[in-house]
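The values are calculated or read from the model by the stated rules, or taken from the named source; none is laboratory data. It should be emphasised that the depicted structure is a prediction, and the values quoted were computed from it without experimental measurement. Here the Cβ is made from the backbone with ideal geometry for all residues, glycine too, and neighbour counts use every protein chain on show. Protein only, heavy atoms only, side chains kept; ligands, DNA and RNA dropped before computing areas. Shrake-Rupley method; radii C 1.70, N 1.55, O 1.52, S 1.80 Å.
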Amino acid sequence: MSDGTGKPKTTTSRRRFLGAGLALGGAAIAGKAHAGEGEAAILEKKDWNQYLGDGVDARPYGHPSEFEKSVVRRNVAWLTADPVSSVNFTPLHDLDGIITPNGLCFERHHAGIAEVDPAQHRLMINGLVDKQMVFTMADIMRFPRENRVYFLECAANSGMEWRGAQLNGCQFTHGMIHNVMYTGVPLKLLLEEAGVKTNAKWIMPEGADASAMTRSVPLQKAMEDCLVAFKMNGEALRPEQGYPLRLVVPGWEGNMWVKWLRRLEVGDEPWHHREETSKYTDLLENGKARRFTWEMDAKSVITNPSPQAPLLHKKGQTVITGIAWSGRGTIDRVDVSIDGGRNWMPARLDGPSLDKSMHRFYVDFDWDGSPLLLQSRAMDSTGYVQPTKDQLRAERGTNSIYHNNGIQTWHVKANGEVENVEVS
Ligand SMILES: Nc1nc2c(c(=O)[nH]1)N[C@H]1C(S)=C(S)[C@@H](COP(=O)(O)O)O[C@H]1N2
Ligand SMILES: [Mo]
């Protein structure tokens, strides 16, 4: 709506319209029609029924409806001491299907968003190679390219939940993940162009941002399925996601997916840089730390209902939905419990089942209006089953923040409100 005066009226009418939708939906399921509060809404003349809308010249780049204003990335104040070295979270409770829209992909920066001019951007390959190479973006576009859908999960996702239920919303407990179709050049092709020496075993990607982030990646992984990507969901990478070039490391922790990729050094041993020594290692109870924990274990979470998305009707037909993913393959099965893990029922997986991608599940459920302890549990194509938080803590203690893939519990109260809890 471009008419500012019509705004408050429009909002009220829409609320009533939604009310009507729910009432009619409920009536259809119960098999009887009844005249609800919403009936007037279908008879009322709305602004959009009688005035022309915007023309094709008004929105050269489209945005969501103004009624979707609340669908945004959010951060957690106490985690955001400095916004240029911080994180915000994907609003998982507002999304469906498996693809994360570009503007809603969570962001994790160590030195803010670099605004890189693609004409000045270069990618260097050096180290144990036959010939050192420097590619322009135009050079990279001349290599054969592939399209792949992969999730990217920060190893710290759910890290605040190790000691107990803390953040109220799946956006905050699980929102350090996005799932995107990448277009890019297989890293293998670029490495082969430079000619990798026979003693090479590792590569070190480096970012062009002020953090110049580096990680050691085994050469075997680099040759297997890594991509040097320049498009996400069909359009250029967003600056937040590493425009114009990022490394895609399927199934492995997000930290390795170096953004604003400017250099790939080839070596015969890992570099032991900050991001794989002081950070991104998992301190155990006995004082030893796990390191090079690259693969993301199978995990799932119910996104609706959840604390930011309560149940708005008292009882009856309800859609429970969520996402599941594994860094080791596809998701074979998701089970859902409504009684805190005592009994389980299989969820219905819907949509494409792709390797190292998010999967979407549903349970079409008739809620009797009593309180629920909702959980989901994923099983991946290797047969691995998502553990409980207690099982994880027994194995790894509570010192670590990374790689928490424990089962999440939501307490749905009789009034439809939802809370983050733990059961044991
Ligand atoms: N150059 C560079 N690459 C980076 C980072 C960074 O700060 N600088 N952050 C890393 C971390 S910790 C994660 S989890 C992912 C986040 O990717 P996203 O911002 O697309 O969500 O990017 C990784 N790549
Ligand atoms: Mo991360």
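Odds and ends about this structure:
- Highest-MSF residue in the chain out of LEU95, LEU312, LEU283 [GNM, Cα springs under 10 Å]: LEU312
- For the chain, dividing the convex hull volume of the Cα atoms by the residue count gives 168 Å³ per residue.
- Accessible area per residue for the chain is 47 Å², calculated with a 1.4 Å probe on protein heavy atoms, without ligands, DNA or RNA.
- Applying 1/(1 + (r/R0)^6) with r as the Cβ-Cβ distance of PHE67 and ASN415 and R0 = 30 angstrom yields a FRET efficiency of 0.75.
- GluC sites (Glu not before Pro) lying in DSSP loop within the range 178-286, provided at most 14 other Cβ fall within 10 Å: GLU285
- Extension gain for GLU115 to GLN220 (0.36 nm times residue separation, less C-alpha to C-alpha distance): 34.6 nm.
- Cross-link partners of LYS413 among lysines (Cα-Cα below 29 Å; sequence separation of 8 or more within a chain): LYS32, LYS69, LYS299, LYS314, LYS315, LYS389
- Surface share of carbon and sulfur [accessible, 1.4 angstrom probe, percent] for the range 103-290: 48 percent
- Each DSSP beta bridge with both residues in the chain is either parallel or antiparallel, and the antiparallel ones are about 95%.
- Put simply, the Cα atoms of the range 352-424 extend 36, 35, 17 Å along their principal axes, the longest span coming first.
- For the range 103-290: rounded, prolate or oblate by the Cα gyration tensor [a/c cutoff 1.5]: oblate
- For the chain, a Gaussian network of Cα nodes joined below 10 Å ranks LYS315, LYS45, LYS188 by mean-square fluctuation, and the top entry is LYS45.
- Spatially near lysine pairs across the range 103-290, Cα under 20 Å, sequence gap of 8 or more or different chains: 14
- GNM remark for the chain: springs join alpha carbons under 10 Å apart, and the peak mean-square fluctuation among ASP268, ASP364, ASP47 falls on ASP47.
- Percentage relative contact order, the chain, counting C-alpha pairs under 8 Å, at least six apart: 15 percent
- Once the Cα atoms are used to define both axes, helix 7-30 deviates from the longest principal axis of the chain by about 80 degrees.
- With the simple spin-label model, which puts each label point 7 Å out from Cα in the Cβ direction, the GLN166 to LYS231 separation comes to 4.0 nm.
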